[in-house]
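Structure record follows, encoded as structure tokens.
Bear in mind that the values in this text are calculations on the coordinates, not laboratory data. All of these numbers come straight from a predicted model, not from anything done at the bench. Neighbour counts are summed over all protein chains in view; Cβ atoms, including those assigned to glycine, are modelled from backbone coordinates with ideal geometry.
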Amino acid sequence: MKGKDLIIGMFGLGTVGSGVVELLERQGAELEQKYGVKLKLKKIVVRNVAKSRPVKVAPGLLSDNPRDILDDIEINTVIEVMGGVKPAEDYILEALKKGKHVITANKAVLAVGGAEVFRQALRSNCYLGFRAAVTGFQDIIERLSSAISINTLVGVFNGTCNYILTQMEEHQQQLDVVLKKAQQLGYAEEDPSLDIDGYDTTDKLAILCILSFGCSIRRQDIFTEGIRHISLEDIKFAGELNYRIKLLGIAKYVDGRIEARVHPCLVPKDNMIARLEGVENGIQIDDELRGQGGFTAPGAGKYPTACAIMFDIINVATHNTVYFPHHIKRLPIKSMAGLESEYYLRLAVRNHPGVLEKIAGVFGKNDINIMSVLQQRGGDRQRGQIIPLVIMVDKSKEKNIQKAIRRIQALDVIKGDVRLIRVEESLW
Ligand SMILES: NC(=O)c1ccc[n+]([C@@H]2O[C@H](COP(=O)([O-])OP(=O)(O)OC[C@H]3O[C@@H](n4cnc5c(N)ncnc54)[C@H](OP(=O)(O)O)[C@@H]3O)[C@@H](O)[C@H]2O)c1
């Protein structure tokens, strides 16, 4: 690669791809001067060449034929910003096999087939840039891969969910109202499931587990619960209890086993993760030897993601290597049933004497200790009316909590489902 120009082929010209084109135009000449390497974008492959684009590209640059990149021996660097697992994974592997450096923003490919992609990059001695796929944290790849003894990582990795939760609190609106606004502003997709059902966070957590623990975890082995069921009442009650609600990705290495889970959590208000606003991301890492560290990053989006890709382009141009584990193993996964946590439970109960006694009886039988009970203040409460009741319970076993919830839901004084939010205590 030394002395050679970077001849780039790019798959995809959507949100991220058009950001890359803009940045290459704006910064290309400066980078060439700085690093003495010419950057030439030779081909962009898209699905539909006739589609109108937010950026202008030279005639002849666009194609709908992947062979125009993969079979072009002059192209030595491939940027993959098309998304989806297939055919993106095949293009990445073929490019690497042909000795082309690859830069990708694709968390789905790395979460599902990361181990094989990393192996191929090593075999071919090629650069594999994936900064854009693991949130916008500066240097997170170097920080995690060079660590020897990470015990815990906890973070907010999805800007859309954080935006929704903070907007619900700020404007006292329900999730569906805020989600519509987020879609209008372009912060949420038309089909928001990937973000709000937690899958995007799960993919990022899987990649972070490869970097931190050198182990790959199948998506389906990561317990995933999104924010769809979080209501404005939960946000208000959490606030009264001095917490904020965040969608967290949590991974821990405990006695040779990995605990990996994604779900909404109550986070103490004064914690750095609780203070993340809007689309901001944040992570806390607990390293046995180096101690604890916390980082924040702007959320995803056109420019932060395109900047992460530019960072990798500079690495290719300057022959830097990217760090990732050479041996990726599988480790046993700790099941959710074995989790121990404090819990927030919101119930819709009939306003009647003796209700609390019935609920407390179920908890007692399942070895669960109630810490506090909260009811909405004010209002004109009538006997027999359905009212919300929040119960905070002491550290308990998840399997006991789930059993108790099933029993409580069957009581005649309860209406609907009991809502559960775990309290994350590994933050500092
Ligand atoms: N958007 C973000 O903020 C963000 C942040 C971090 C990471 N990422 C990741 O970056 C990647 C791209 O995201 P995006 O938001 O830029 O997506 P996008 O706006 O939907 O753009 C996708 C682009 O890929 C092209 N494409 C899709 N399937 C193709 C196929 N089979 N063959 C050829 N071209 C194909 C599309 O072509 P047409 O235009 O012709 O349809 C389009 O230009 C994804 O992996 C995403 O997870 C995105």
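Of the strands (runs of 3 or more DSSP E) lying entirely inside the range 242-333, those containing at least 2 residues that are charged (D, E, K, R) span 243-254, 257-268, 281-287.
Selection of first residues in the range 405-424 that are part of a helix (DSSP H, G or I) and of second residues that are among the acidic types (Asp, Glu), restricted to Cβ pairs under 7 Å at least 6 apart or on distinct chains, gives the following pairs, ordered by first then second residue: 409/417. The residues in the range 12-55 that are among the β-branched types (Val, Ile, Thr), within 16 Å of the ligand (Cβ to nearest atom) and more than 17 Å from residue 69 (Cβ to Cβ) can be counted, and the count is 2.
Remark: pairs (first residue in the range 11-32, free of Cβ contacts under 8 Å to residues at least 24 places away in the same chain; second residue surrounded by fewer than 16 Cβ atoms within 10 Å (Cβ to Cβ) and in a helix (DSSP H, G or I); Cβ separation under 8 Å; 6+ apart in sequence or on different chains) are absent.
What are the residues in the range 412-428 that are under 24 Å from residue 352 (Cα atoms) and surrounded by fewer than 17 Cβ atoms within 10 Å (Cβ to Cβ), if any? Selection gives 412, 415, 416, 417.
Residues that are β-branched (Val, Ile, Thr), within 16 Å of the ligand (Cβ to nearest atom) and surrounded by fewer than 20 Cβ atoms within 10 Å (Cβ to Cβ) do not occur anywhere in the range 174-182. Scanning the range 382-415 for residues that are in contact with a helix residue (DSSP H, G or I) (Cβ under 7 Å, 6 or more places away or on another chain) and over 10 Å from residue 343 (Cβ atoms) yields 388, 390, 399, 407, 408, 411, 413, 414. Residue 137 meets each of the listed conditions (1) part of a loop (DSSP other than H, G, I, E, B); (2) farther than 25 Å from residue 188 by Cα; (3) within 15 Å of the ligand (Cβ to nearest atom) apart from (2). For the subset of the range 267-314 comprising residues that are of a type in the set (Lys, Arg) and within 28 Å of residue 344 (Cβ to Cβ), which member is farthest from the ligand (Cβ to nearest atom)? It comes out as 269.
Taking the range 57-70 as the range and being surrounded by 10 or more Cβ atoms within 10 Å (Cβ to Cβ) and farther than 11 Å from residue 9 by Cα as the test, the residues that pass are 57, 64, 65. Cβ-Cβ contacts under 7 Å between residues 6 or more apart (or on different chains), taken from a first residue in the range 43-71 that is among the small types (Gly, Ala, Ser) to a second residue that is in a loop (DSSP other than H, G, I, E, B) and within 10 Å of the ligand (Cβ to nearest atom), are listed as 63/49. Out of 273, 245, 285, 314, one residue alone is in contact with a Leu (Cβ under 8 Å, 6 or more places away or on another chain) and surrounded by fewer than 21 Cβ atoms within 10 Å (Cβ to Cβ). It is 314. Looking at this structure, is residue 51 among the basic types (Lys, Arg), farther than 24 Å from residue 314 by Cα and loosely packed, with under 14 Cβ neighbours inside 10 Å? Yes; evaluated as a whole, the condition is true for this residue. For the range 12-24, the criterion of being closer than 20 Å to residue 101 by Cβ and either in a loop (DSSP other than H, G, I, E, B) or acidic (Asp, Glu) (or both) is satisfied by at least one residue. Within the range 76-113, being within 7 Å of the ligand (Cβ to nearest atom), surrounded by fewer than 21 Cβ atoms within 10 Å (Cβ to Cβ) and free of Cβ contacts under 8 Å to residues at least 40 places away in the same chain holds for 84, 87. Looking at residue 117, is it closer than 24 Å to residue 6 by Cβ, within 15 Å of the ligand (Cβ to nearest atom) and either touching a helix residue (DSSP H, G or I) at 6+ places or on another chain (Cβ under 8 Å) or not in a loop (DSSP other than H, G, I, E, B) (or both)? Yes: the conditions hold for residue 117. Summed over the range 227-241, the residues that are buried (at least 18 other Cβ atoms within 10 Å of the Cβ) and either part of a helix (DSSP H, G or I) or of a type in the set (Lys, Arg) (or both) give a count of 4.
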